[in-house]
Each structure stands twice: as C-alpha cells, then as structure tokens.
Amino acid sequence: MTEKTELDRNEKIRVLIGDDSSDSGLAWASLLKNEGMFAITRQKNGRIILDCVKADVPDFLIIDAKMPEMDAAELISRIRDFTPCPPMVIVVSNYSTPQLEKEVMDAGASYFMVKPFDPSVMVKKVLSLYNFKAGNVLSSVKNELVNIEYVVTDIIHQIGIPAHIKGYHYLRTAIILSINDEEMINCVTKLLYPTVAQRYNTTSSRVERAIRHAIEIAWDRGDVDVLNSIFGYTVHNLRGKPTNSEFVALVADRLRLQYFPRVEV
C-alpha cells in the first residue's frame, strides 16, 4: 500500500500551499486533490515554506505576497538560488498595486491573483500553467483556450497593464475571444463588447471604457521595448495610442499566427 501511494504521489502534479487556513489553503487543497493532484498545506510563513521546498521541490507553489519572516519575492529568489528547476509559483494577495505585482512577477512568479476569487479558478490556473510549461499538445478547444490564456496574460503583464483594474480582465478576455473567433474583432460593438460584458455581468459601454483606460495606462507607463516588440512600427506611427479594436486585433493576430497557424491544403 505504501509503495503504491508513493508511486501515485510521484505521478501527480505536486502542489505546496503556503496557507493552512480552512477558508483558503485547505479549501484549495481539497479542490486540487479532487482534480487528481497531490496537494499539501503549510503555515503561512516564508521560512517554513522555504524549508519545505528545500526538502522536496514541488511542481507548484501557492503563496501569499506578504508573509511573516519572508515575503513572496524574497522566497522565490531564495528558491531559485538552490534549485535549477524551481516550482511554478502562484502569488495571491488581498490587495494589488502595480508595484507589488511587478515585484513578485520580476522575482519569477508565474501568476498573480487578487482575493477574493472563485477557488475553481485556482485549479484552472494550475492546470493551464502546468500544460504550458510541459509543452503538452492540447487537443480540445477548451484546453487550447486555457493554454492561450496564459500566453495572453503574460503579454499583458509585460506591456505593463496592472491586474487590479477592470480593463485588464476585460482586455484579456477580448483578446482570447478574438483569437478563437476572428469575427469578434470585425464586430467589436455588436459582438465583442456584449460577449465580454455578459461574462462579467456588466454593460458594453463599461467594457469599452475600461479597455480604453487599460490601453491608456499601457501607452503612458508601459515598457516601450515590449510595446515595440509586439506592435512593431505601429507604436510610433499611430496617431497617439491605438483604438481598442486596433490593440485587440494586433495582439490577437500575432498570437493566432504564432500558436494557431493555418495549414493551406
């Protein structure tokens, strides 16, 4: 029985959660286990979590941005110092600022999430990040979208759009929808905005304004080199910042060509 348990443990995605509270860590662990993963919880303490990782490096680490003795950014850096294959790290926080998010992402975090969120979202993030890193070939459209979601999120982070604003989430969803269905970008007002609005229980006009605000932040405060790499000459040739549809179309087309190239027959 012991041998089989150890075999099963090694074959599963191993997740270490740096939170042993019943409303967060234990609840997340239960859902992860239900999806066939091996999940354990530990006290929300940076030094304790570091010792656990040193003893047995997991595939995933879920930690709070601010913890006693050692915060997330320092913990991630320490882990990278002693192992060539560090775990993927999801950092959660009760609040978000551009500085905090940049700090943990620059340290090497794979994803940043702001509480409260649906625990099932945590499970989806773990699976999508794992599939992306492992280079798994995703056969279903659903899994393709989960995979591309990670790529879109990474680009938005690089551009410099902070995760705590609504436009961040609306823009990410709009880009993913446009990658999956080219008609979306051809019918922004009648199709794209209403679809995003329905998902977030809001209105099309609010979606449009929030996305426009997110793009303004990117153009005013974002990384120029990243913008140039994504948009090419358009960064300097467009009159001011791109429109919502131009921004979504450029990012969606780039990713569609990179990840879903068409094969002519």
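Any residue in region 103-113 that is charged (D, E, K, R), at negative phi and in contact with a strand residue (DSSP E or B) (Cβ under 6 Å, 6 or more places away or on another chain)?
Here is the first cut: in region 103-113, the ones charged (D, E, K, R) are 103, 106.
Of the ones still in play, those that are also at negative phi are 103, 106.
Now drop any that are not in contact with a strand residue (DSSP E or B) (Cβ under 6 Å, 6 or more places away or on another chain), which leaves none.
No, that holds for no residue.
Listed by position, the helices (runs of 4 or more DSSP H) enclosed by region 195-249 that each have at least 3 residues that are modelled with pLDDT of 90 or more are 204-221. S22 meets all of the listed conditions (1) closer than 30 Å to Q158 by Cα; (2) at pLDDT below 90; (3) polar (S, T, N, Q) but one, namely (1). List the residue pairs whose Cβ atoms are under 8 Å apart, where the first residue sits in region 172-186 and is assigned by TED's automatic domain parsing to the domain that holds Y150, the second is part of a loop (DSSP other than H, G, I, E, B), and the two are 6 or more positions apart or on different chains. Partner pairs satisfying both residue conditions: T173/Y200; I179/F260.
Under 20 Å from the mean Cα position of the chain (by Cα), surrounded by fewer than 20 Cβ atoms within 10 Å (Cβ to Cβ) and free of Cβ contacts under 8 Å to residues at least 60 places away in the same chain - does that describe any residue in region 7-14? Yes: region 7-14 contains one or more residues that are under 20 Å from the mean Cα position of the chain (by Cα), surrounded by fewer than 20 Cβ atoms within 10 Å (Cβ to Cβ) and free of Cβ contacts under 8 Å to residues at least 60 places away in the same chain. Given the criterion modelled with pLDDT of 85 or more and closer than 27 Å to E35 by Cα, identify the matching residue among M113, M184. Result: M113 is the single residue among M113, M184 that is modelled with pLDDT of 85 or more and closer than 27 Å to E35 by Cα. R47 meets each of the listed conditions (1) farther than 17 Å from V15 by Cβ; (2) touching a helix residue (DSSP H, G or I) at 6+ places or on another chain (Cβ under 7 Å) apart from (2).
The values are calculated or read from the model by the stated rules, or taken from the named source; none is laboratory data. Note that the structure is predicted; figures quoted are calculated from it, not measured. Cβ sites come from the backbone with ideal geometry, for glycine too, and all protein chains shown count toward neighbours.
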